[in-house]
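Peer 1: The structure under discussion is supplied below as structure tokens; questions concerning it will follow.
Read-outs throughout are calculated quantities, based only on the coordinates presented, and are distinct from any laboratory measurement. What you see is a predicted model; the values in this text were computed from it and never measured. As a convention, Cβ positions derive from the backbone with ideal geometry for all residues, glycine included, and neighbour counts pool all protein chains shown.
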Amino acid sequence: MRLSLDTPSDQVILRALREGELRQAADTLVLIYAGVVYRACRLASSEASTAEDLAYETYTAIFGDLSKLHGSVSLKNRLLSEAQERTALVLLPGVSLHRRESSVLDLDVQGAPVDREALRRAVDELVPRHRALLGVAFGFALPTFPFAAAEVPELKEALGQLVASIPQEAAPSLKEVAMRLGDLHWRVPERLQRRLEVLCSSLGGVS
């Protein structure tokens with residue numbers, strides 16, 4: 001994709017859409033946000049291949065009707081919302097998202113800072129369902145909390161098990177761990193980058 005490394009604003013992308021420059025808009029959406037989308041999906045998924053498919057399907061859905069982006073206040077949040085819904089559907093069957101303006105969780109705030117690498121290793125040791133619950137709840141960094149009260153006990157159980165498995169002299173607080181989950185990083189696989197480039201090229205035009 002022949003794009004400048006200068007990050008265009010959402011307004012530039014939306015202008016490209018209004019002017020019919022679909023390929024430019026799509027390329028830029030991938031350039032800026034593919035890493036964010038993949039990392040959120042990967043946090044929730046124990047399998048890298050599943051996270052890759054979820055990220056790809058997110059872009060497929062968005063590119064299927066780019067006109068839906070016109071009224072978006074934040075393109076990043078629009079992509080992450082789509083990814084979150086798909087991730088929950090695949091990894092948490094039977095759990096419906098109930099978006100709330102504020103979390104129904106009551107988390108302690110006292111505890112030690114958490115080491116990022118220790119946190120990532122602990123995440124990798126979680127059972128898949130607990131990882132999915134924590135990833136969907138905290139990995140997408142959206143302004144709404146995605147679960148109803150019914151899912152909170154299991155979510156808190158998963159968070160407690162995660163904290164307990166972090167090998168530190170002083171245990172970090174549940175709130176600290178929840179906040180730091182979204183900071184974990186996974187590199188976007190080259191295979192996903194190639195798949196997204198082919199997807200963009202299907203829109204036509206020259207990037």
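Peer 1: Using a 10 Å cut-off on Cβ atoms, rank the peptides 65-75, 189-199 from the highest mean neighbour count down.
Peer 2: 189-199, 65-75
Peer 1: Here's a follow-up. Kindly provide the trypsin sites (Lys or Arg not before Pro) of the stretch 71-163 that DSSP labels as loop, not H, G, I, E or B, and whose Cβ sees at most 16 other Cβ atoms within 10 Å.
Peer 2: Sites meeting the loop and neighbour criteria: Arg99.
Peer 1: Now for a separate question. Among Ser45, Tyr59, Val12, flag the residue with its Cα farthest along the positive direction of the charge dipole of the stretch 9-61, charges on Cβ as +1 for Lys/Arg and -1 for Asp/Glu.
Peer 2: About the Cα centre, the residue reaching furthest to the positive side is Val12.
Peer 1: Also: In nanometres, what is the gap between the two model label sites at Asn77 and Ala164, each 7 Å from Cα along Cα-to-Cβ?
Peer 2: 3.6
Peer 1: Still on this structure, I have one more. Using +1 on the beta carbon of Lys and Arg, -1 on that of Asp and Glu, and nothing else charged, what's the dipole of the stretch 65-164 about the Cα centre, debye to 20?
Peer 2: Charge dipole, the stretch 65-164, about its Cα centre: 320 debye, nearest 20.
Peer 1: Same structure, new question: Which FRET efficiency value, to the nearest 0.05, do you get for Met179 and Ser202 by plugging their Cβ-Cβ distance into 1/(1 + (r/R0)^6) with R0 = 41 Å?
Peer 2: The computed FRET efficiency comes out at 0.60.
Peer 1: Can I ask one more? Using the Cα atoms of the stretch 116-181 to build a convex hull, what is its mean projected area in square nanometres?
Peer 2: The orientation-averaged projected area of the Cα hull of the stretch 116-181 comes to 4.3 nm².
Peer 1: If you take the charge dipole of the stretch 116-181 about its Cα centre, with +1 on Lys and Arg Cβ and -1 on Asp and Glu Cβ, which of Gln161, Leu181, Leu126 is farthest toward its positive end?
Peer 2: Leu181
Peer 1: Also: Give the distance, in whole Å, between the Cα centre of the stretch 19-42 and the Cα centre of the stretch 58-107.
Peer 2: Value for the Cα centre distance between the two parts: 15 Å.
Peer 1: How large is the dipole of the chain about the Cα centre if only Lys and Arg carry +1 and Asp and Glu carry -1, each at its Cβ, rounded to the nearest 20 debye?
Peer 2: Computed charge dipole of the chain: roughly 400 debye.
Peer 1: Follow-up. Give, as a single signed number, the net charge of other residues whose beta carbon lies under 10 Å from the beta carbon of Glu52, with Lys and Arg counted +1 and Asp and Glu -1.
Peer 2: Charge balance in the 10 Å sphere: 0.
Peer 1: About its Cα centre, what dipole magnitude does the stretch 116-181 give when the only charges are +1 on Lys and Arg Cβ and -1 on Asp and Glu Cβ, stated in debye to the nearest 20?
Peer 2: 140
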